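Have a look at the structure below, then the notes.
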Amino acid sequence: MIPDTASPLIEARALSKRFTIGKTFMPGSGKQVHAVNEVSLTVSAGETVGLVGESGSGKSTLGRCLTRLYQPSGGQLLFEGVDITDATMSELLPYRRKMQMIFQDPSASLNPRRPVRELIGEPLRVHKIRPTAEIGERIEELMGLVGLPVEYLDRYPHEFSGGQRQRIGIARALAMEPRLIVADEPVSALDVSVQAQIVNLFADLRDRLNLTYVFIAHDLGVVRQVSTRVVVMYLGTIVESGETESLFAAPAHPYTEALLSAIPRMTASGPRIMLEGDLPSPIDPPRGCVFSTRCPRATALCRETRPALTARPDGRQVACHTPIGA
Amino acid sequence: MANPDQPALLEVEQLKVSFATDRGRVTAINDVSFRIDEGEFVAIVGESGSGKTVSLLSILGLTDPRTTSVEGAAHFRGKPILGLKDSALRKIRGKEIAFIPQDPLTAMTPVHTIGWQIVEQIRTHQSISAAAARRRAVELLDEVGLPNPEAAFGRYPHQLSGGMRQRAVIAMALSCNPALLIADEPTTALDVTVQAQVLELLKRLRRDHGSAIVLITHDMGVVAEVADRVMVMYAGRVVERGTAREVFAAPQHPYTWGLIASIPPVDGPRPHRLPSIAGTPPTPANIPAGCGFAPRCPHRFAACDSLPPRLPRDGHGAFCHLDEATRARLAAAPETAR
Amino acid sequence: MITALIRRLVEMLFVMFGISVMVFLIFFATPGSDPAARIAGRNASQETVAQVRLDFGFDKPLPVQYGLMMKRLFVDQDLKSFVNRGQNVVPQVIEATPVTLSLVFGAAVLWVLGGLAVGVVAAAVQGSLLDKGLMVLALIGVSMPVFWFGEVMNLITQARLHDTWMFSWVPALGYKPLTTAPWEWFKTLVIPWITLAVLYIGIYGRVLRANLVEAYQEDFIRTARAKGLSPMRVMLRHALRVSLIPFITMFGLDFGVLVGGSALLTEVVFGLNGIGHLTYTALLNLDLPMILATVIYAAFFVVLANAVVDVLYIFIDPRMREA
């Protein structure tokens, strides 16, 4: 659980992902969207890295690049120290098992005509993770892990509530015995009272199975609850990262500060920093700091030169020319 | 806030909504009564399936009459509106009571410009020229904070960002100066920084126009930010109501306790585990006969198999069998307090 | 928007070129068969075959052959049918085109109007007896084979009831040119139009109803109703506008294919010598030059109709404009 000493499980080095939109066979058509722009991120074994940001920040794209669901357009991706940036499908196979993805809406990945027993058993059989004789036992074990009664094994996905379906989705991911789980907004579709159950389940599973998470969410409260470290993204780049509680208590990047202050609270809080306008277009990002167009502290320097992500002694990384409290 | 001498803007009594389904009739809303006064900001909080949206849609006649039956009474400014002929109800809908839908992308017709859709609403209710309606629409777009309202007038919904779209939808709702705005999760589809802008806009509009606002939401934080009064709904019934101050300072219903406690905090100490409510909310088809929350309630006892006593008409109250002393004791206990 | 249109037109030309190359390759460059012999027709003498080979340049490389063929077809227009010796192919296609176009245009007007009416009315009274009745009628329309329905129409209007006041106006089968006798043109085509349209009214009505019913589940319909609009306005300006997109897609495909010769059965039943008829005879006789011409002609109309549909999309759905 101490990130500094543990070995890096997955490492992104200046990872980029560009999408081309509106491309036809006519030359010169199409525009480049810089969804993720030279992001470097190391996730050590045992850590839970919370990836936060608003829509268009590139957090989901980064998550998909990390599990190689997307082919990165640039940079390097290392898993357990092995470069898998350009690994072929067959070369990836052994790593695919070790890194699983969990999505917001599990229903889409659950075949409605199959009972839960088959849905969870399928990866066990296909990847020959367990001998056939042990599969039944393992399925029941997995159901227990995610807190579903064994009696539900012969039910079909539509007979479950949203929270239960997410549990089935988690059980399927766990069947592969992964080391890393990248969870993309796993609780945002759930009701508040159910959301808390699933957040707790994620925490329990991490402790019991020694899992490493990359937890992508827009809900800062949820991220604070599960993460050991938080990475804040804006327009395809990391603007700040650091240990969870210190980052929430004392944000250094003006964007993090604005994001935190925008959360509606039940208890009285300080004055709100109201950001003007919208996210700039990722097709044509600002030349200087990505946040300079909306930043209340922006200077001429910010609009000209993009600040690099620099580490402080306490492990906090900030990409800002005029960080708060500096 | 509720002043019994003044006629209520909207008064709903014993509303009951049931749907015809494949497995027979299910009651989604049962015995819901509330009043909204002029200029009030009321929040209705609940999870999916709690009936918070359906209760208001049914009052506006926006549920499907072939499958839905609506019983009870609703008065708008003293006039009954439930069971009114559609043609008569249409004169109120969009003019006196406006609706702000949840996801502004799917809530606007994709093939017409923002301006066209606002002008359409204005000219449905007021006999003014197209040019005047256009001027009014541009004014409205300016008022809700769209940069360059003239250009925005000619934009299609998909050409605006989520926040700008939600502003455009709000402009449309405001176009006939309604006395009551019903906003159905207006910020759920938005990012937090944009949500803060839109909530600020709603607060300002209430100040400037004096419209009452009913905000339907699942987010307790949003409620605390904006609402004067709160109604908490669960399993088709109002389980607690009171002023926002009362409800947040001393919530009375075990569901409200759980709801508040299960929100992960963004400041203060980080709980090791989030307090959560066991189980899942019922669907309209399997709402228990007694207290709807009983199956998930950690404090249930024998009486909970029957319906709790009705909520008082005014003031802070909960739809719950627990007596005041027990409630005070439980609320003080560390696992329910926050 | 202009660039979107231009791009669409350029793409259309590319597709046309691709189709002509493909047709050419299938007929003239299939390995193991001598195109000259096939063009010359069955039982042609050695000299004729040799002459054809020289004429068409079949001893030259394929691209040259293709160029020569297209030049004959479009520029010189002297590609000759080998079955009806000496007959140029292109004039025959040009002669048959107005017949088919008249038939399909008129039927299209009927089926678009009929399909819209059936779909809108059925969706507006969804679940009622009228809705169910209309859907049964539409299903009957879809199920009736066009040749059978055509013959029944002929039986009624040309024979059984021809001498009564109802159908005495119906002229004998055959085509009258629009330019010389517009009224006759109209009268001869009314019955074929109805025959051809009935099937499509059924299909379009049912599909449109399904799309409208689906549209009524959308949030924006709820918004439109919440605005206090009349049910008529909600239907026509909101639900129908959005549901027209699949309607137009289908129309483009059907129209193109029909003009391209698929109205064959109707043409045969009503004695109209249109493109369908021409293609059919050419296929029976393995008249390669004629087949080549009619296939390219048909492809042209299918591609053209789809291009028109794409342009219509751009007008109807603003979301398509940026793509």
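The values are calculated or read from the model by the stated rules, or taken from the named source; none is laboratory data. Just so it is clear, the structure is predicted and the values come from calculations on it, not from any experiment. Neighbour counts run over all protein chains shown; Cβ positions are idealised from the backbone, glycine included. The area values use the complete protein model at the heavy-atom level, side chains included, leaving out ligands, DNA and RNA. Shrake-Rupley method; radii C 1.70, N 1.55, O 1.52, S 1.80 Å.
Is one or more of the residues making up the range A:287-294 surrounded by fewer than 22 Cβ atoms within 10 Å (Cβ to Cβ) and within 14 Å of chain B (Cβ to nearest Cβ)? Working first, answer last.
The initial filter retains those residues of the range A:287-294 that are surrounded by fewer than 22 Cβ atoms within 10 Å (Cβ to Cβ), namely A:287-288, A:293-294.
Remaining after also requiring within 14 Å of chain B (Cβ to nearest Cβ): A:293-294.
Taking every residue of the range A:287-294 in turn, at least one turns out to be surrounded by fewer than 22 Cβ atoms within 10 Å (Cβ to Cβ) and within 14 Å of chain B (Cβ to nearest Cβ).
The one condition from (1) under 21 Å from B:Ala107 (Cα atoms); (2) surrounded by fewer than 24 Cβ atoms within 10 Å (Cβ to Cβ); (3) touching a residue at least 24 places away in the same chain (Cβ under 8 Å); (4) within 14 Å of chain A (Cβ to nearest Cβ) that B:Asp184 does not meet is (4).
Select, from C:Leu134, C:Leu139, the only residue that is closer than 30 Å to B:Glu120 by Cβ and either small (Gly, Ala, Ser) or touching a residue at least 40 places away in the same chain (Cβ under 8 Å) (or both).
C:Leu134
Here's the yes/no breakdown for (1) open to solvent by less than 10 Å² (accessible area, probe 1.4 Å); (2) closer than 19 Å to C:Leu229 by Cβ; (3) within 14 Å of chain A (Cβ to nearest Cβ):
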| residue | (1), (2), (3) |
| --- | --- |
| B:Ile118 | yes, yes, no |
| B:Leu140 | yes, yes, no |
| B:Gly154 | no, no, no |
| B:Arg165 | no, no, yes |
| B:Pro178 | yes, yes, no |
| B:Ala189 | no, no, yes |
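Considering every residue within the range A:179-197, establish whether at least one is more than 14 Å from chain B (Cβ to nearest Cβ) and open to solvent by 20 Å² or more (accessible area, probe 1.4 Å). Yes, the conditions are met somewhere in the range A:179-197. Looking at A:Arg138, A:Arg68, A:Arg113, just one residue is open to solvent by 30 Å² or more (accessible area, probe 1.4 Å), among the basic types (Lys, Arg) and more than 14 Å from chain B (Cβ to nearest Cβ), and that residue is A:Arg113. Residues in the range B:62-109 that are touching a residue at least 60 places away in the same chain (Cβ under 8 Å), within 14 Å of another protein chain (Cβ to nearest Cβ) and either open to solvent by 60 Å² or more (accessible area, probe 1.4 Å) or in a strand (DSSP E or B) (or both): B:Phe76, B:Lys95, B:Ile97, B:Ala98, B:Phe99, B:Ile100, B:Gln102, B:Leu105.
For residues that are under 23 Å from the mean Cα position of the chain (by Cα) and within 7 Å of chain B (Cβ to nearest Cβ), tally how many sit in the range A:265-285. Spell out the reasoning first.
Our first condition is that a residue be under 23 Å from the mean Cα position of the chain (by Cα); within the range A:265-285, this holds for A:278-283, A:285.
Narrowing the set further to residues that are within 7 Å of chain B (Cβ to nearest Cβ) leaves A:278.
Counting residues in the range A:265-285 that are under 23 Å from the mean Cα position of the chain (by Cα) and within 7 Å of chain B (Cβ to nearest Cβ) gives 1.
Consider the range C:277-308 and keep the residues that are of a type in the set (Val, Ile, Thr) and open to solvent by 40 Å² or more (accessible area, probe 1.4 Å). The one that is nearest to C:Lys71 (Cα to Cα) is C:Val295.
Checking the structure you have, find out if any residue of the range C:76-98 is aliphatic (A, V, I, L, M), within 31 Å of the chain's Cα centre (by Cα), modelled with pLDDT of 80 or more and over 14 Å from C:Pro289 (Cβ atoms). For the range C:76-98, residues aliphatic (A, V, I, L, M), within 31 Å of the chain's Cα centre (by Cα), modelled with pLDDT of 80 or more and over 14 Å from C:Pro289 (Cβ atoms): present. Scanning the range C:6-55 for residues that are modelled with pLDDT under 75 and among the basic types (Lys, Arg) turns up C:Arg38, C:Arg42.
Checked against (1) free of Cβ contacts under 8 Å to residues at least 24 places away in the same chain; (2) away from chain B (no Cβ under 11 Å); (3) charged (D, E, K, R), A:Glu243 passes all but condition (1). Looking only at the range A:295-322, residues that are within 21 Å of A:Val49 (Cβ to Cβ) and either open to solvent by less than 90 Å² (accessible area, probe 1.4 Å) or in contact (Cβ under 8 Å) with a residue 12 or more places away in the chain (or both) come to 12 in all.
Among the residues in the range A:99-109, are any farther than 24 Å from A:Asp191 by Cβ and surrounded by fewer than 18 Cβ atoms within 10 Å (Cβ to Cβ)? No.
Residues in the range B:217-241 that are of a type outside the set (A, V, I, L, M, F, W, C) and outside any strand (DSSP E or B): B:His218, B:Asp219, B:Gly221, B:Glu225, B:Asp228, B:Gly236. The residues of the range C:231-271 that are free of Cβ contacts under 8 Å to residues at least 24 places away in the same chain, open to solvent by 40 Å² or more (accessible area, probe 1.4 Å) and within 30 Å of B:Arg90 (Cβ to Cβ), listed by number, are C:Met232, C:Arg233, C:Arg237.
Looking at B:His316, B:His321, B:His253, just one residue is within 29 Å of A:Arg224 (Cβ to Cβ) and crowded, with 17+ Cβ neighbours inside 10 Å, and that residue is B:His253. Here C:Ala226 meets each of (1) of a type in the set (A, V, I, L, M, F, W, C); (2) over 30 Å from C:Thr100 (Cβ atoms); (3) within 23 Å of the chain's Cα centre (by Cα) with one exception, condition (3). Could you count how many residues in the range C:261-296 are closer than 30 Å to C:Lys187 by Cβ and modelled with pLDDT under 85? Number satisfying all stated conditions: 2.
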